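Novice: Handing you this structure, nothing more for now.
The values are calculated or read from the model by the stated rules, or taken from the named source; none is laboratory data. All figures in this text were calculated on a predicted structure; none of them were measured in a lab. All Cβ positions, glycine included, derive from the backbone under ideal geometry; neighbour counts span all protein chains shown.
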Amino acid sequence: MGYGQRISIHHGNGGVHMKRLISDLFIRFFENDVINEQSDSATLKVSGQHIAFTTDSFVVDPLFFPGGNIGSLAVCGTLNDLAVSGATPLYLSAGFIIEEGFSIRKLERIVISMAREAKRSGVKIVTGDTKVVNSGKCDKLFINTSGIGQVEPKYLPVSSGSKVKPGDKIILNGAPGEHGMAILQARMNLNFRSGLKSDCASLYPLIKRVLKASDRVHFLRDATRGGVATVAHEIASKCNVGVDIDEARIPENTDVRAMCEILGFDPLYIANEGKLVMVVDASDADSVLHAMQKVKTGKDAAIIGEITSEMKGKVILKTRSGGKRILDELIGDQLPRIC
């Protein structure tokens, strides 16, 4: 068993341990042609239509943080999983596991934020479930959301990455690490003088604009658990290519950088809830970048690297000093309970 004898916190971090748990346990026993794709959303063909279906559970601590709360996070996270699959989000479900004694007023705030985020993206929350457990049997509140969207056939490859090829450009829509570091600051009551907020946001409007601007978008993925580095490794292994990243071209939040330097973290591995990594044909990279920069969630977008035919399966980081090093997969856990 490549995933070990007992579950540890590392099995939920998006890195090597989680990858092994998914492939060696869940995929092994649930194995079928849909789940084998291991995409953010399953793509199903129903009555001649392509449907994207996804589910996610949210266990963030604290429940309220600068820039959002567990409710807005749940809706945006599920919308983003649909959007990066090339889907138009349509419907969501919402399941609540609530600890006895939890504040009704706080729950109302969370539900209101969920309704607001859904309305902004034009989706409906159409079904759900509520469970209340005894005090001490749940950490205040857990939320599960599932989503359904419709996918035009021409967008099917953006989830699988089947069209990714050497020479394609890699685009990131903004500075990585804002969500994870905002959560840490709120959780630990760190006395940093910063206006740092989570980047929690629906990426559907941005992706919609991008897909209208170009029909040569070859891959989309939101960089949540494990951060940008984990998505880069997914591209390298899934598409059997090399991935070159230029550190100097990565957008930067100075507050995130300062906190990471003090605490010994790397922003490339920190979770995000409003960042996506995109692979685009080189001929369309500039026009896509221009389209992204017209949207709030893409105003800081930049071309940060390129797909290569060398060092297949590896991610190479060109450092600010001009050297190169292999960017390893995430093994340990930098920040537990961030989504």
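Novice: Please go through region 15-33 and give me each residue that is surrounded by 13 or more Cβ atoms within 10 Å (Cβ to Cβ) and not small (Gly, Ala, Ser), ordered by number. Talk me through it step by step, then tell me what you get.
Specialist: Pass one, region 15-33, residues surrounded by 13 or more Cβ atoms within 10 Å (Cβ to Cβ): 15-27.
Across region 15-33, the qualifying residues are 16, 17, 18, 19, 20, 21, 22, 24, 25, 26, 27.
Novice: Then there's this: What strands (runs of 3 or more DSSP E), lying completely within region 201-295, carry at least 1 residues that are among the basic types (Lys, Arg)? Outline the logic, then answer.
Specialist: On the way: elements: 217-222, 242-246, 276-280.
Once the strands (runs of 3 or more DSSP E) in region 201-295 are filtered for at least 1 residues that are among the basic types (Lys, Arg), what remains is 217-222.
Novice: Does region 322-331 include one or more residues that are closer than 30 Å to residue 141 by Cα and either in a strand (DSSP E or B) or out of contact with any Leu (no Cβ under 6 Å at 6 or more places or on another chain) (or both)?
Specialist: Start the filter on region 322-331 by keeping residues that are closer than 30 Å to residue 141 by Cα, which leaves 330-331.
So of that shortlist, the ones also either in a strand (DSSP E or B) or out of contact with any Leu (no Cβ under 6 Å at 6 or more places or on another chain) (or both) come out as 330-331.
Yes, region 322-331 contains at least one residue that is closer than 30 Å to residue 141 by Cα and either in a strand (DSSP E or B) or out of contact with any Leu (no Cβ under 6 Å at 6 or more places or on another chain) (or both).
Novice: Could you identify the single residue in 265, 219 that is within 24 Å of residue 308 (Cα to Cα) and among the aromatic types (Phe, Trp, Tyr)? Talk me through it step by step, then tell me what you get.
Specialist: On the way: 265 fails: within 24 Å of residue 308 (Cα to Cα).
Selected residue: 219, the only one of 265, 219 that is within 24 Å of residue 308 (Cα to Cα) and among the aromatic types (Phe, Trp, Tyr).
Novice: If you go through region 68-75 one residue at a time, do you hit one that is over 21 Å from residue 125 (Cβ atoms), outside the structural domain of residue 231 (by TED's automatic domain parsing) and either buried (at least 16 other Cβ atoms within 10 Å of the Cβ) or free of Cβ contacts under 8 Å to residues at least 12 places away in the same chain (or both)?
Specialist: Of region 68-75, the ones over 21 Å from residue 125 (Cβ atoms) are none.
No, region 68-75 has no match at all.
Novice: Determine whether region 244-260 contains at least one residue that is among the acidic types (Asp, Glu) and closer than 28 Å to residue 86 by Cβ. Don't jump to the end; show me each part of the working.
Specialist: Looking only at region 244-260, we keep the residues that are among the acidic types (Asp, Glu), and these are 244, 246-247, 252, 255.
Remaining after also requiring closer than 28 Å to residue 86 by Cβ: 244, 246.
Within region 244-260, one or more residues are among the acidic types (Asp, Glu) and closer than 28 Å to residue 86 by Cβ.
Novice: Determine whether residue 203 is aliphatic (A, V, I, L, M), farther than 24 Å from residue 279 by Cβ and not assigned by TED's automatic domain parsing to the domain that holds residue 115.
Specialist: So residue 203 fails the test.
Novice: Give the residues of region 81-117 that are touching a strand residue (DSSP E or B) at 6+ places or on another chain (Cβ under 6 Å) and in a helix (DSSP H, G or I), sorted by residue number.
Specialist: Passing the criteria: 81, 82, 110, 113.
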